[in-house]
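The values are calculated or read from the model by the stated rules, or taken from the named source; none is laboratory data. Because the structure is a prediction, the values reported are computed rather than measured. Quick reminder, even Gly has a Cβ in these numbers, built from the backbone with ideal geometry, and neighbours come from all protein chains shown. Each accessible area value is taken on the protein alone, full model and side chains, heavy atoms only, with ligands, DNA and RNA left out. Shrake-Rupley method; radii C 1.70, N 1.55, O 1.52, S 1.80 Å.
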Amino acid sequence: MSVPHVLDTSFHEEVIKSSYPVLVDFWAPWCGPCRMIAPVIDEIANEYKDKLKVVKINTDDNPSTATEYGIRSIPTLMIFIEGERVDTVIGAVPKSTLANTLKKYINKNNK
């Protein structure tokens, strides 16, 4: 499953207005740790597909959104619920760390 990309122009519609919780991966193509975490993001997107929307945003191509959310280092992962940022994970973290963070907001077993 390929994680869709959002742009500065579509961020509000795709993330802020989403009825699902959203995990946003702020990344750039030249970022080694971003490439390391990409398979983890894909796995999370697949495992939580019924409960979580997962998107990526290239910070080089979409500087407005990165600036708005104070992105200083990448990868940065943010969780949005009902348009509000509720959590942030910075760096290429293990899948277990990301999953534990998500579980605070999403009960994987309940539909």
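Counting only helices (runs of 4 or more DSSP H) wholly contained in the range 13-111, the ones carrying 2 or more residues that are polar (S, T, N, Q) and open to solvent by 10 Å² or more (accessible area, probe 1.4 Å) occupy 63-68, 95-103. Could you please let me know if R72 is free of Cβ contacts under 8 Å to residues at least 40 places away in the same chain and under 13 Å from the mean Cα position of the chain (by Cα)? So R72 fails the test. For I90, the conditions (1) in contact (Cβ under 8 Å) with a residue 40 or more places away in the chain; (2) farther than 19 Å from N107 by Cα are fulfilled apart from (1). Filtered by the rule that a residue be over 17 Å from S18 (Cα atoms) and touching a strand residue (DSSP E or B) at 6+ places or on another chain (Cβ under 6 Å), the range 74-97 gives I74, P75, T76, T88, V89, I90.
Within the option set S2, S10, being on the phi < 0 side of the Ramachandran plot, at pLDDT 95 or above and either in contact with an Asp or Glu (Cβ under 8 Å, 6 or more places away or on another chain) or surrounded by 13 or more Cβ atoms within 10 Å (Cβ to Cβ) (or both) holds for one residue only, S10.
Might you check whether a residue that is within 14 Å of L77 (Cα to Cα) and either in contact with a His (Cβ under 7 Å, 6 or more places away or on another chain) or among the basic types (K, R) (or both) occurs anywhere in the range 36-52? The answer is no, given that none of the residues of the range 36-52 is within 14 Å of L77 (Cα to Cα) and either in contact with a His (Cβ under 7 Å, 6 or more places away or on another chain) or among the basic types (K, R) (or both).
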